[in-house]
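Bear in mind that the values in this text are calculations on the coordinates, not laboratory data. This is a predicted model, so every value here is computed, not measured. Counting neighbours? That spans all protein chains shown, and the Cβs are built from the backbone with ideal geometry, glycine included.
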Amino acid sequence: METTLLVNPKVFGLEENKALELTSGLTTVLTERETLKNAYLDVIDLEVSEENLPTFKELRLKIVKNRTQGIEKWHKTSKEFFLTGGRFVDAIKNKEVSENDRMEANLLEKEKHFENLEKERLNKIHLYRVGCLLPFNYEIGNVDFSGMDENMFNAILLGAETNHKNKIASEKLAEEQRLEALRLEAEEREKQKAELERLKIENEAKDKAAKLAKESADKELAELKAKADLEAKKQAEILAKQKAESDKLAAELKAKADAELKEKQRIEAEIKAKELADKKAAKAPDKQKLSQWIDSFVFPHCLPLESKEANEVAKLIIEKRNAFNKWANEQIKTL
């Protein structure tokens, strides 16, 4: 079979003779494909039956082999061998493979006819059963009901229906209980309202009586307070007069006592000063003796010592002696 170029090589910058050279490897593949194509035309119109399924499958696999082991293999080899014509052979491959794909798809459809019918039948069963369960709010999830035994599905359906009815009954009972609770609550509110109204009237009456009693008591208290204030004023005047007289007498007595105390203190101070002066005069020789004695506590200013520590101790002793002399002289001054 002579190779016919279905794609114009000049579009890819190739001469026709070079393009023919590139596609020469397809001759055998395409010749085989022509035979398969004629077989396809004979088989594609056959009745879809169990007997013809192997025929559809056998021819489809041959076409697949022609594509994968023929066209695609040529494509890979030619492209690797002659990279410059890669895009050209891609176009040839796409064109030729599409024909194989078409025949393969049609044959696969024939081959899978009964399988697809079975899938469709099972899908209808699944959808029907799902439709039966949905009114009862059954959780479908990913369960496939198509292949389920009829008894098993009926048991699930019955369980779903029973659960749904029980749920409705439970919700109805809960609603009735809720409404009854609301009714009782409303009655209780009415009772509380009536009781509050009664208490309000009773409290208003009590408040009115209490107000009248308070006004009477306030009036009586005001009268008593006026009398008490008048009496208190009289007593305050009497007490003020008595206090003024008492304060005057106390002031006179205090002035007299202060004068006497002042004179007594003056006399005592003169006596004490005289005694102190006499005492100091009598003790003057002793003070002299003590001062001379303290002054005799003299240490040499220079004492030859070797170590630093010994010199530090000597310095501390002198400081303590000076402090003692100062303290002793202050004691002598007190004599």
Completion exercise
With +1 at each Lys and Arg Cβ and -1 at each Asp and Glu Cβ, the charge dipole magnitude of the chain around its Cα centre, to the nearest 20 debye, comes out at 3600
Handout entry: FRET efficiency, 1/(1 + (r/R0)^6) with R0 56 Å, evaluated for A257 and S296 via beta carbons
Key = 0.50
Exercise for the section: Counting other beta carbons within 10 Å of each Cβ, put Y128, Y40 in order, fewest first. Expected result: Y128, Y40
Problem - Positive dipole terminus of the range 130-205, leading residue within H164, L184, N203 (C-beta point charges) - result: N203
Exercise for the section: Give the calculated FRET efficiency between E34 and D90 to the nearest 0.05, with a Förster radius of 22 Å applied to their Cβ-Cβ distance. Expected result: 0.45
Handout entry: the chain: most fluctuating residue of E319, E180, E99 per GNM, C-alpha cutoff 10 Å
Key = E319
Handout entry: Farthest positive-ward along the chain dipole, Cα basis, beta-carbon charges - from S216, F12, I294
Key = I294
Problem - Calculated FRET efficiency for the pair A228/E185, C-beta based, R₀ 51 Å, to 0.05 - result: 0.30
Problem - Magnitude of the charge dipole, the range 95-145, Cβ model with Lys/Arg +1 and Asp/Glu -1, debye to 20 - result: 280
Handout entry: Gaussian network model of the chain, springs between alpha carbon atoms under 10 Å - residue of V11, V130, V143 with greatest fluctuation
Key = V11
Problem - Among I63, A251, L173 - extreme Cα towards positive end, dipole of the chain, charges at beta-carbon - result: A251
Handout entry: Computed lengthening from K124 to L199, 0.36 nm per intervening residue step minus Cα-Cα distance
Key = 19.6 nm
Fill in the blank from the handout: Simple SL model, points at 7 angstrom along Cα→Cβ for Q192 and E58; separation in nm is 9.2
Exercise for the section: May I ask for the angle, rounded to the nearest 10°, between helix 27-43 and the longest principal axis of the chain, with both axes built from Cα atoms and the value confined to 0 to 90°? Expected result: 80
Exercise for the section: Grab the Cα-Cα distance for T68 and V11, subtract it from 0.36 nm times how many residues apart they are, and report the gain in nm with one decimal. Expected result: 17.9 nm
Completion exercise
In Å, the Kirkwood hydrodynamic radius from C-alpha pairs for the chain sits at 39.1
